[in-house]
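Accompanying notes for the structure given below.
Derivation of every value follows stated rules applied to the coordinates shown; laboratory data play no part. Being a predicted model, the structure only gives us computed values, none of them experimental. Positions of Cβ are backbone-derived with ideal geometry, glycine not excepted, and every protein chain shown enters the neighbour counts.
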Amino acid sequence: ESYTFENVTSNHTISTAFSVKTYSITAGAGPNGTIQPSGLIFVSHGSSLEFSITPDVNFFIEDVLVDGESVGTPESYTFTNISQSHTIQALFDANKYTLEFEIFNRDGDFIPDAVIIFNEQEFDPGVYIFTDLLPGEYFYYITRDGYFPVSGSLNLEFDTVWTIFMDEDDTADEILELTTLQVFPNPASIYFHVHAPEIILGLQVIDLSGRILQETRPGTTDVKVNTDLMEPGIYLLRLIFDRRVDYHKIQVQ
């Protein structure tokens, strides 16, 4: 930082050059969002730099860490009068929603004790509210004695009240005729048989996410369904007859 000419006996020149100090800022983001600019960025002493933080669709900013310390959940952050190196990291999490089923008969009367199979789980009668659900598509299957089952899917993007109307099963005589319908063995390990008193026009095996795993058009009263390639769990058997559609739970072990 200093230079001394000693015992000077002739002319000399001296010059110096200066440069601004530079520092680094390392910017990164966790999954499901971005920070811009990102990566390793070099900045000059005394300068400022702004970062923009953006979550993906259906996600939110969970935290922003500057030099390892939380600064909350801002959508942008600016380093000002920079005099040292820094780090900044953005973290994201998924939005979570609540889904409530309202279940009525066709007369508008509330049904308080239906059974819902939802999100690959069967719940107790009357459990209609589901919380902390990630956004996405969900399959449901609803039963209640005296009513035809209802099944379907929904795409959850916000807190939702989902209204279901169930049709009363007024085909008592037909049900009596179908008392010889048999599905065995249940639980099944390698296969199960379906024996019906009338011709089965269609058969579907559906998992609890709503995917159709097997589908046939037997055209007969007896069907053997292989299950050896199916994962252990609960499945729905959908049987299509001439005048009705019937559902049964199948357990594969």
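Measuring nothing but how far apart in sequence close Cα pairs (under 8 Å, 6+ apart) lie, relative to its length, the stretch 22-94 scores a relative contact order of 41 percent. Separation of the stretch 103-117 from the stretch 49-65 is 42 Å, based on Cα centroids.
Hull volume per residue, based on the alpha-carbon atoms of the stretch 59-117 and their convex hull, is 136 Å³. Rg and Dmax over the alpha-carbon atoms of the stretch 173-252 stand at 12.1, 38 Å.
Fully extending the segment from T22 to T221, taken as 0.36 nm per residue of separation minus the present Cα-Cα distance, adds 63.5 nm.
How big is the convex hull of the Cα atoms of the chain, per residue, in Å³? Enclosed volume per residue, from the Cα hull, is 207 Å³. Each label was represented as a point 7 Å from its Cα along the Cα-to-Cβ direction; for N186 and N105 these points are 2.5 nm apart. For the chain, the relative contact order works out to 12 percent when only alpha carbon pairs closer than 8 Å and six or more residues apart are counted.
Quick one: grab the alpha carbon gyration tensor of the stretch 1-62, order the square roots of its eigenvalues as a ≥ b ≥ c, and give me rounded if a/c is under 1.5, else prolate or oblate depending on whether a/b is larger than b/c. Prolate, since a/c reaches 1.5 and a/b exceeds b/c.
Let's test the formula: R0 of 25 Å, r as the Cβ-Cβ distance of S151 and A94. What FRET efficiency results, to the nearest 0.05? Working from the Cβ atoms, E equals 0.45. Here the chain is assigned +1 on the Cβ of each Lys and Arg and -1 on the Cβ of each Asp and Glu. Its dipole about the Cα centre then comes out at about 1040 debye. Taking every DSSP beta bridge that has both ends in the stretch 97-166, the antiparallel portion is near 70%.
Enumerate by residue number the chymotrypsin sites (Phe, Trp or Tyr not before Pro) in the stretch 77-159 meeting two conditions: DSSP loop (anything except H, G, I, E, B), and at most 15 other Cβ atoms within 10 Å of the site's Cβ. Sites meeting the loop and neighbour criteria: F123, F158. Work through the residues other than D207 whose Cβ is under 10 Å from its Cβ and net out their charges, Lys, Arg +1 and Asp, Glu -1. Residues near D207 contribute -1 overall.
Within the stretch 185-252, the trypsin sites (Lys or Arg not before Pro) that combine a DSSP coil assignment with at most 15 other C-beta atoms in a 10 angstrom radius are R211, R243, R244. Of the residues L65, T16, L208, the one whose Cα sits farthest towards the positive end of the charge dipole of the chain is T16 (charges of +1 on Lys and Arg Cβ, -1 on Asp and Glu Cβ, taken about the Cα centre). By the Cα gyration tensor, the stretch 22-94 has an equivalent ellipsoid whose semi-axes, rounded to whole angstrom, run 23, 11, 10 from largest to smallest.
Compute the distance in nm between two label points, each set 7 Å from the Cα along the Cα-to-Cβ direction, one at V57 and one at S38. Between V57 and S38, the label points sit 1.9 nm apart. Only helical DSSP H runs with n ≥ 4 go in: add -39500 (n - 2.57) per run for the chain, normalise by residue count and round the 222 nm mean residue ellipticity to 500 deg cm²/dmol. Rounded to the nearest 500, the figure is -500 deg cm²/dmol. May I ask you to derive the relative contact order of the stretch 97-166, considering only C-alpha pairs under 8 Å and at least 6 residues apart, and to give it as an integer percent? Relative contact order here is 42 percent.
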